Amino acid sequence: RGPGTLSVVLRSFGEGMRLVLSQDVTERERSEAMRRDFVANVSHEIRTPLTVLAGFIETMDSLPLTEVERKRVLHLMTQQTQRMQSLVSDLLTLAQLEGSPRPGADTWVSVDALLKRVAADGQALSAGRHEIKLWQATPAQLAGQESELFSAMANLVNNAVRYTPEGGRIDIAWVVQADGSGELSVADSGLGISREHIPRLTERFYRVDGSRSRETGGTGLGLSIVKHVVQRHGGALDIQSEPGKGSRFRLLFPAARVREPVLEAA
Ligand code: ADP
């Protein structure tokens, strides 16, 4: 509900009832259109791998395949199945985030342990193709929900690995600023993103390069999950990127959600 629209209408009509009604209708129409878009996108994302799978099944049924060909077709079928599994899993994550209350500020997560798991998963995914470093000057804690924070960081590292060519570097960091606020970040020396795409990256199914995203197992939902998680923790997502140079994604958390381990002992 834009406050700008509200003041304009107020001045020209001055009728409280009508004003509220017309705003609600606009809002409802917009969210209805968004819902329709979303359903259309999901249907498309599911239909494509299904069509490919149907084609392969037909091939296997109608053509005599050598053992090597049969293995190749099974491999491609597995890829398409995994694509649908990732999609359903990301959709469930989004639905859970939307349907559950915001994480309280009274459960403290050890960022140290969390980042070690994130980095280990990144190493496994990269399989030695990138130099992955973990930076942590202050082992402070963060208030929130561990599985959500893990999922956000894992998504960022997963992207860094997928959009950084072999030999590149990936830095995962946790920094506590002088004002007490905290920052989790993932930076890579990869492909980078041009300026016009940056504001749209967190939209569901928005991809800069659709074929690359799909080829590497992307669902187009990762960054919208990341944004949801950080906002539910009272924070914000900051994206900086330059084509050919790399990208940096920062999750910024307010001081109220950050505490030094020293306080824990007191
Ligand atoms: P996807 O599953 O396609 O990776 P995301 O929501 O995670 O979906 O990301 C949206 C788009 O942002 C990606 O398709 C990709 O084009 C771009 N992107 C995300 N992370 C990076 C990165 N680290 N480097 C370059 N491009 C990225």
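The values are calculated or read from the model by the stated rules, or taken from the named source; none is laboratory data. Remember, it's a predicted structure, so these values are computed and weren't measured experimentally. Note that we place each Cβ from the backbone using ideal geometry, even for glycine, and neighbour counts take in every protein chain shown. Accessible surface areas use protein heavy atoms only, side chains included; no ligands, DNA or RNA. Shrake-Rupley method; radii C 1.70, N 1.55, O 1.52, S 1.80 Å.
Per-structure values
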read-out	value
Failed criterion for Ala105 (all others in (1) within 12 Å of the ligand (Cβ to nearest atom); (2) closer than 22 Å to Gly234 by Cβ; (3) surrounded by fewer than 16 Cβ atoms within 10 Å (Cβ to Cβ) hold)	(1)
Verdict on Ser224 being among the hydroxyl-bearing types (Ser, Thr, Tyr), surrounded by 19 or more Cβ atoms within 10 Å (Cβ to Cβ) and near the ligand (Cβ under 10 Å from one of its atoms)	yes
Residue list for the range 111-143, restricted to those being over 24 Å from Leu201 (Cα atoms) and open to solvent by less than 60 Å² (accessible area, probe 1.4 Å)	Val111, Asp112, Ala113, Leu114, Ala120, Gln136, Thr138, Ala140, Gln141, Leu142, Ala143
Pair list, Cβ under 6 Å, 6 or more apart: the range 110-127 residue on the phi < 0 side of the Ramachandran plot, other residue open to solvent by 50 Å² or more (accessible area, probe 1.4 Å)	Asp112/Pro139; Leu115/Leu134; Ala119/Leu134
Hits in the range 95-113 - residues which are part of a helix (DSSP H, G or I), out of contact with any Phe, Trp or Tyr (no Cβ under 6 Å at 6 or more places or on another chain) and closer than 15 Å to Gln145 by Cβ	Gln96, Leu97, Glu98, Gly99, Ala113
Which listed residue, of Leu125, Leu156, is over 26 Å from Ser100 (Cα atoms) and hydrophobic (A, V, I, L, M, F, W, C)	Leu125
The range 109-137, residues that are over 14 Å from Ser185 (Cα atoms), at pLDDT below 95 and not aliphatic (A, V, I, L, M)	Ser110
Residues within the range 145-162 that are part of a helix (DSSP H, G or I) and more than 10 Å from the ligand (Cβ to nearest atom), tallied	9
Residues that are of a type in the set (D, E, K, R), more than 13 Å from the ligand (Cβ to nearest atom) and either within 11 Å of Asn159 (Cα to Cα) or loosely packed, with under 14 Cβ neighbours inside 10 Å (or both), drawn from the range 227-245	Asp238
Among (1) over 17 Å from the mean Cα position of the chain (by Cα); (2) open to solvent by 10 Å² or more (accessible area, probe 1.4 Å), the one test that Asn159 misses	(1)
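Rundown of residues vs (1) more than 12 Å from the ligand (Cβ to nearest atom); (2) within 18 Å of Gln231 (Cα to Cα); (3) open to solvent by 30 Å² or more (accessible area, probe 1.4 Å); (4) touching a Pro at 6+ places or on another chain (Cβ under 6 Å), yes/no style:
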position: Thr164; (1), (2), (3), (4): no, no, no, no
position: Ala178; (1), (2), (3), (4): yes, no, yes, no
position: Ala187; (1), (2), (3), (4): no, no, no, no
position: Gly192; (1), (2), (3), (4): no, no, no, yes
position: His197; (1), (2), (3), (4): no, no, yes, no
position: Leu201; (1), (2), (3), (4): no, yes, no, no
position: Phe205; (1), (2), (3), (4): no, no, no, no
